Amino acid sequence: MFKSKILRSSVILGVFSLLASVVGLLRDRLFASEFGASRTLDIYYSAFKIPDLIFNLFVLGAVSSAFIPVFIKQYRTDERKAWDVSRNFLNIAFTVVIVACGIMILFIRPLAALIAPGFSEADQESVIQLMRLMLLSPIIFSVSTIIGSTLQALERFWAFAIAPILYNVGIIIGAVYFVPIMRAHGYQEVLGLGLGVVLGALFHFAVQLIAALRAGFRFGPIFDLKDQNFRSILKLMLPRTIGLGAFSIDSTIINAIASLLGAGSIAMLNFANNLQFVPISVVGISAAVAVFPRLSFHASGDEKEEFHKKLNSSLKGTAIIVTLGAAALFFLSEWVIRILFGIGLFHGNSITITAGILSLYMLGVTAQSLIPIISRAFYALHNTRTPVIISLVSIIVNLSLASFFTFFLHWDVRGLALAFSIAGNVNFFFLWIFFRRFTKTNF
């Protein structure tokens, strides 16, 4: 039916990403109904910041930019050695993440104060307790993501596509079952949400492990820091890791600013951001994940014409689909928010503000959807430096505008969304310009 393997893979990933987004929206609807735009959800979202930072620094940067190209290059010549590359990298990354989580626990109190300066001491204590629990998640995700990346490299996308759905199912189980149990036994109910996150991470890991074992992956006692392939991964990942670390710090600062804007501000920002992420994930990231192995393959064989043909097709298709969806969401934002989240404790002004945030996010959602695709084109060509430098510039733009809109113009949380959209457009514009210069094409 489908002439292109990339198109077929994009459709598979897009369908499952849509299902994951639907489950994620059901999760958010449940949160909105049970907690409203409250400090409880502010605590929950704030507790993610440090675990996300660890995961981005030590795992995601390598997987998204370095591991897959190196694995594919090795796999083309020696399949057994390629599996050794994955085992070695997994063991090293797992060890580093455990050590990092231990260090973060030692400094968890000052970190909580930095993440949420607008919280009371009692609320910051809640962030600390929840963060301790949720630091289990990057440990689990480190293994799950690296295993999943081998499946991506082999263009086996089913388990990779299902894993986010199961992750959200785990969080929903936490909200429905663990929260009442915590409440009944005198513990803070937000800890039930944290248990759901850990359960979801275990689900995410289990489904990908089964698929990876079938594909040929095996655990093994390999730990070689001097391995040439590992050093290649390390060299390629460093710029991307710096970029993701900066992005996590950017997210943490935005969270800190939002904590100063009143209870529920962080929750509303995250509700709108999660809804914004639907087209980014379903279309943009799905296309990026599907095309990345092909781009890496053509790049390793110096097949320039095929490389540019596949990249151009992915960018154009994504831009058309996402822009149409963004236009619809921009004009129908309040109706969409009311239908999705206008239930239980989420009502009135919370709906209006969240809809305004969503509309402003739509101004940058097309660019945010194209960034993962064009960034992977750089990565396939083993250029991780340029996207990172541009990303750092866009982060500076985001933080500068966010501070200006909040502290000088005295806008509410909607100013943070506008700053994010402007920065996203800046990011994509410079990626496009510099990619043309880097490849010396009129792409």
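No lab work stands behind these numbers, since they all come straight from the coordinates. Since the structure is predicted, the reported quantities are computational estimates derived from the model, not experimental observations. Please note: Cβ atoms are built from the backbone with ideal geometry, for glycine as well, and neighbour counts cover all protein chains shown.
Side notes on the structure shown:
- Within a Gaussian network of the chain (alpha carbon springs, distance under 10 Å), most fluctuating of SER359, SER400, SER259: SER400
- Exposed-site-free run, longest, the chain (rule: trypsin sites (Lys or Arg not before Pro); DSSP loop; at most 14 other C-beta within 10 Å): 227-439
- Order of MET182, MET237, MET134 under a 10 Å beta carbon neighbour criterion, fewest first: MET182, MET134, MET237
- Scaled radius of gyration (Cα, divided by 2.2 N^0.38 Å) that the chain gives: 0.95
- Residue separation of ALA328 and TRP158 scaled by 0.36 nm, minus their Cα-Cα distance, works out to 58.2 nm of gained length.
- By other beta-carbon atoms within 10 Å, ranking TYR177, TYR44 with the fewest at the front produces TYR177, TYR44.
- Given charges at Cβ of Lys, Arg, Asp, Glu: the chain dipole, positive-most of ALA212, PHE141, VAL59: ALA212
- Each Lys or Arg adds one and each Asp or Glu subtracts one; over the other residues with Cβ under 12 Å from the Cβ of ALA272, this totals -1.
- Estimated 222 nm signal from helices in the chain, with DSSP H stretches of n ≥ 4 weighted -39500 (n - 2.57), rounded to 500: -26000 deg cm²/dmol
- Extreme residue, positive dipole direction of region 264-443, given options ALA328, ILE396, PHE277 (C-beta unit charges): ILE396
- Qualifying chymotrypsin sites (Phe, Trp or Tyr not before Pro) for region 95-176 [loop in DSSP, other Cβ within 10 Å: at most 16]: PHE107
- Here r is the Cβ-Cβ distance between THR352 and LEU202 and R0 is 45 Å; the resulting FRET efficiency, rounded to 0.05, is 0.75.
- For PHE341, the shell of other residues with beta-carbons less than 14 Å away shows a net charge of 0, using +1 for Lys and Arg and -1 for Asp and Glu.
- Fewest neighbouring Cβ atoms within 10 Å first, the residues HIS308, HIS298, HIS185 line up as HIS185, HIS308, HIS298.
- Dipole moment magnitude, nearest 20 debye, the chain about Cα centre, only Lys, Arg, Asp, Glu C-beta charged: 1400 debye
- Set LYS226/LYS304; LYS81/LYS309; LYS226/LYS309; LYS73/LYS309; LYS49/LYS310 screened for pairs whose C-alpha atoms are more than 28 Å apart: LYS226/LYS304; LYS81/LYS309; LYS226/LYS309; LYS49/LYS310
- The alpha carbon centroids of region 95-162 and region 315-363 are separated by 28 Å.
- With K and R counted +1 and D and E -1, the other residues having a Cβ less than 14 Å from that of PHE67 yield a net charge of +4.
- Only the Cβ atoms of Lys and Arg (+1) and of Asp and Glu (-1) were treated as charged; on that basis the dipole of region 264-443 about its Cα centre amounts to roughly 380 debye.
- All-pairs alpha carbon distance profile, region 264-443, 5 Å steps from 0, percent: 1, 9, 16, 18, 17, 14, 10, 7, 5, 2, 1, 0
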